[in-house]
1. Report the residue, chosen from 95, 140, 70, that carries the largest GNM mean-square fluctuation when the chain is represented by alpha-carbon nodes joined by springs under 10 Å.
2. On C-alpha positions alone, give me the angle between the axis of helix 91-103 and the longest principal axis of the chain, in degrees, nearest 10.
3. Can you give me the angle between helix 168-188 and the longest principal axis of the chain, using Cα atoms only, in degrees from 0 to 90, rounded to the nearest 10?
4. Could you pull out the longest piece of the chain with no exposed loop chymotrypsin sites (Phe, Trp or Tyr not before Pro) in it, calling a site exposed if DSSP puts it outside H, G, I, E, B and it has at most 11 other Cβ atoms within 10 Å?
5. Within the chain, what percent of beta bridges assigned by DSSP are antiparallel, to the nearest 5?
6. Strictly over 21 Å apart at the Cα level, which of 29/62; 51/129; 37/64; 62/129; 29/51; 7/37 would you flag in this model?
7. At 222 nm, what helix-only mean residue ellipticity would the chain give, in deg cm²/dmol to the nearest 500, using -39500 (n - 2.57) for each DSSP H run of four or more?
8. Quick one: order 73, 154, 166 by neighbouring beta-carbon count within 10 Å, fewest to most.
Amino acid sequence: LNASREKFIKDTRVHCVLYFIQPNGYGLKALDIQVLKRLTEVANVVPIIAKADTLTLDERSKLKAILQEQFTHYNLKMYPYETSFDDELSEEEIQFNRDIRSLLPFAVIGSESIITTPNGESIRGRRTKWGIINVEDVTQCEFIYLRDFLTRTHLFDLIETTNLMHYESFRTRELTFLRENVSARNSRMPQVQS
C-alpha cells in the first residue's frame, strides 16, 4: 500500500457540476434530493433553474426561496461553500461569496440564436409572441452572473476546492478501503508456522 503519488498528472477531474432543476414551482423532487446528496459529496455542485422564462418574476423568486430552504433542510452543500479552505480570504471575497450564494440557484434561459432587436442591436436570445428574451439581460436571466462566476471569479477556486476537498476525501476513502481489504485478507490467510 503506497500513499505517494506523482507530482505532475493531467487533471481530468470534474471541477463543477451544473445541476439543472425543473421550473415546477414547488421545489426539488425526491430523485433530485437523492442525486444532489450523492453529487455534493464528490463534486462542486452549482444549482440552476432551467427554462426560467416559463416562470414569472414572482414565481421565480418564490421557487428560489423554496429551493434555498430545501438545500438547508436536506443539508445539501452547494458551491460556493460557506466556509473556505483558503484562510486568507478578504472580507470583500467573503461578502462576494455570500452574494453569490444568495443568487443560488441561478435562473437561466437558454438560446443559441443571435437575433436582431427592433433598434438594430444583435443579442443572444429568443423571439416570442410576447417580445424578445435577452439571455444577457440580468432583469430577465441570470446567465451573466453564472458565466462570470464560473469563468472569471471562481474558476481557480473550483479547481482548488476539487483538489483540497473532494479529491482528498475520495483518496482517503479509497486508501482506507484498500487498507481494510488487505487487513481482512491477511486475517483470513492460514498462518504458516515454522
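1. Fluctuation is largest for 95.
2. So the inclination is approximately 70 degrees.
3. 30
4. 27-129
5. Restricted to the chain, the bridges split so that about 50 percent are antiparallel.
6. On the way: 29/62 16 Å; 51/129 17 Å; 37/64 19 Å; 62/129 25 Å; 29/51 17 Å; 7/37 31 Å.
Over 21 Å apart, Cα to Cα: 62/129; 7/37.
7. Theoretical 222 nm ellipticity from helices: -12500 deg cm²/dmol.
8. In increasing order of surrounding Cβ atoms, one gets 73, 166, 154.
None of the figures in this text is laboratory data; all of them are computed from the coordinates on show. Since this is a predicted model, take the numbers as computed values, not measurements. FYI the Cβ positions are ideal-geometry reconstructions off the backbone, even for glycines, and counts take in every protein chain you see.
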